[in-house]
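Participant: Mind looking over this structure? Questions follow.
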Amino acid sequence: MIAIQLKPEQILNEITNFNVKLAEGIKNLRNVGDLPAGVTEKEAVYTEDKLTLYHYKNPNPDAAKNKTPLLISYALVNRPYMTDLQENRSTVRGLMEQGQDVYLIDWGYPDRSDRFLTMDDYINGYLDRCVDVIRERHDVDAVNLLGICQGGAFSLCYTSLHPEKIKNLVLMVTPVDFQTPENMLSQWIKHIDVDLLVDSMGNISGDLMNWTFLNLKPYRLLAQKYIDMVDILDNPKSVCNFMTMEKWIFDSPDQAGECYRQFVKEFYQQNKLIKGEVQLGGATVNLKNITCPVMNIYAQDDHLVPPSASKALAAHVGTKDYTEVSFKGGHIGIYVSGSAQALVPPSIGKWLNERK
């Protein structure tokens, strides 16, 4: 063992520097103020129950647009403004810069009146009506659909059941095979008595869901990031970025009980999506029904949706026009990192523009 000896003046300097950073950090934290839930101007074009369908206004209104509008379907378990977090970290803006006319579904915050909403209600109900609103607004037969994480699984189901309404399908960090060996979340969930959980709780607490996700990497997500925060406390911009992410991470809606029950049991525990056994509205979800062009984007270091869980789609989808894009990063980094902003939105935009 090598002994490291610190001189008293070194220790004093470390303590002094820490105290200076802490004092600056307290001032910077006080100056953060209210953090926006998205930064790009948008308008609500359709509302129903807790749901709001937004249309984003392109900062460059004279820019050429893809005539087929693009609808983003985000996961239920987090808030969709992750796609538009800050001016320089906005998937939405990146897509608009590539000529896409972007819409997004905000699922809202379910309450006890939503306990009995099912996956059929979300997919054949809310999602389908949003697609129809956009089709009518633009006088088109089909739209482009971008599904993210759980919203990607919903988009696969929707496109299988309504193939005539989707022109091109894009997926980001979307699970398809829910039981790949390295899927830690699946390993945890398969032993849960979901019926007892939902019957006891009704809706599933967003805080409980968030606690589960954070504990998949407890040291990195619950301890190390706050230790590392000390190094940025004296930088106002870095503090603002950090707090913006913290706001999104802990802004977790509750989950409608019946939808949660079906999704966990049939997707995670029984892996029915890839088996072609999911039933919605009396119809079977068969991935072979998806014959439109498909772009599948996965993150190499994703701890929530391992690459193998996403890449499994290639062997099951019915299209002959299938594209995979690998991003060197994690589940969250794919939306907000600088390398992601340089790769992902331009890749999606170029791919869609080639399939007008």
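Where a number appears in this text, it was derived from the coordinates with a stated rule and is not lab data. Bear in mind the structure is a predicted one, so any value in this text is a computation, not a measurement. Because the Cβ atoms are built from the backbone with ideal geometry, glycine has one as well, and the counts that use them run over all protein chains shown.
Participant: Counting pairs of Cα atoms in the chain, how many percent are more than 31 Å apart?
Facilitator: Numbers: 22975 of 63190 pairs.
It works out to 36 percent of all Cα pairs.
Participant: Using only the Cα atoms of region 217-356, build the gyration tensor, take square roots of its eigenvalues as a ≥ b ≥ c, and label the shape rounded, prolate or oblate: rounded if a/c is under 1.5, else prolate if a/b is larger than b/c, else oblate.
Facilitator: The shape class here is oblate.
Participant: Using the alpha-carbon atoms, what tilt in degrees (0 to 90, nearest 10) does helix 8-30 show relative to the longest principal axis of the chain?
Facilitator: 40 degrees
Participant: Continuing with the same structure: Could you line up THR47, THR180 from fewest to most neighbouring Cβ atoms inside 10 Å? Display every interim value, and only then the final one.
Facilitator: Working: THR47 11, THR180 18.
By the 10 Å Cβ count, ascending: THR47, THR180.
Participant: Right, here's the next one. Starting from 0.36 nm per residue, how many nanometres of slack lie between GLU43 and LYS356 once their C-alpha separation is accounted for? Working shown, then result.
Facilitator: Working: separation 313, 0.36 × 313 = 112.68 nm, distance 2.51 nm.
Full extension of this stretch gives 110.2 nm more.
Participant: Quick one: helix 338-353 against the long Cα principal axis of the chain, what's the angle to the nearest 10°, folded into 0 to 90?
Facilitator: 10 degrees
Participant: Taking 0.36 nm per residue of separation and subtracting the Cα-Cα distance, what length does fully extending LYS217 through ALA342 add?
Facilitator: Details: separation 125, 0.36 × 125 = 45.00 nm, distance 2.69 nm.
Taking LYS217 through ALA342 to full extension adds about 42.3 nm, to one decimal.
Participant: For the pair SER238 and HIS191, how long in nm is the line joining their label points, each one 7 Å along Cα→Cβ?
Facilitator: So the two model labels end up 4.0 nm from each other.
Participant: Relative to the longest principal axis of the C-alpha atoms of the chain, give the angle of the C-alpha long axis of helix 150-161, reported between 0 and 90° and rounded to the nearest 10°.
Facilitator: That helix lies at roughly 10 degrees to the long axis.
Participant: Now for a different question. Below 30 Å Cα-Cα, how many Lys pairs turn up in region 243-350? Only count pairs eight or more apart in sequence, or on different chains, if you could.
Facilitator: 23
Participant: Could you compute the longest span of the chain free of GluC sites (Glu not before Pro) located in DSSP loops and having at most 12 other Cβ atoms within 10 Å, not counting the site residues? It would help to have the intermediate numbers written out before the result.
Facilitator: Details: sites that count: GLU41, GLU87, GLU182, GLU354.
After excluding every exposed loop site, the longest remaining stretch is 183-353.
Participant: So if R0 is 45 Å, what FRET efficiency would GLU136 and MET184 give, r being the distance between their Cβ atoms, rounded to the nearest 0.05? Please report the intermediate quantities before stating the final value.
Facilitator: Details: r = 43 Å, r/R0 = 0.95.
Once the sixth-power term is evaluated, E becomes 0.55.
Participant: Scan the chain and report its longest stretch carrying no chymotrypsin sites (Phe, Trp or Tyr not before Pro) that are both in a DSSP loop and have at most 14 other Cβ atoms within 10 Å. Write out the running numbers ahead of the final one.
Facilitator: Working: sites that count: PHE116, PHE250.
Result for the longest clean stretch: 117-249.
Participant: Sticking with this one: Cα-based Rg (one decimal) and Dmax (whole number) for region 55-171, in Å?
Facilitator: Final numbers for Rg and Dmax: 14.3, 45 Å.
Participant: Report for the chain the percent antiparallel among DSSP-assigned beta bridges with both residues inside it, nearest 5. Intermediate values should be presented prior to the final figure.
Facilitator: Values: 16 of 40 bridges.
Among the beta bridges of the chain, antiparallel pairing accounts for roughly 40 percent.
Participant: Further question: Let a ≥ b ≥ c be the square roots of the eigenvalues of the Cα gyration tensor of region 144-191; is it rounded (a/c under 1.5), or, if not, prolate (a/b larger than b/c) or oblate? All intermediate terms of the calculation are to be shown ahead of the outcome.
Facilitator: On the way: a/c = 3.52, a/b = 2.52, b/c = 1.40.
Judged from the Cα gyration tensor, region 144-191 comes out prolate (a/c at least 1.5, a/b above b/c).
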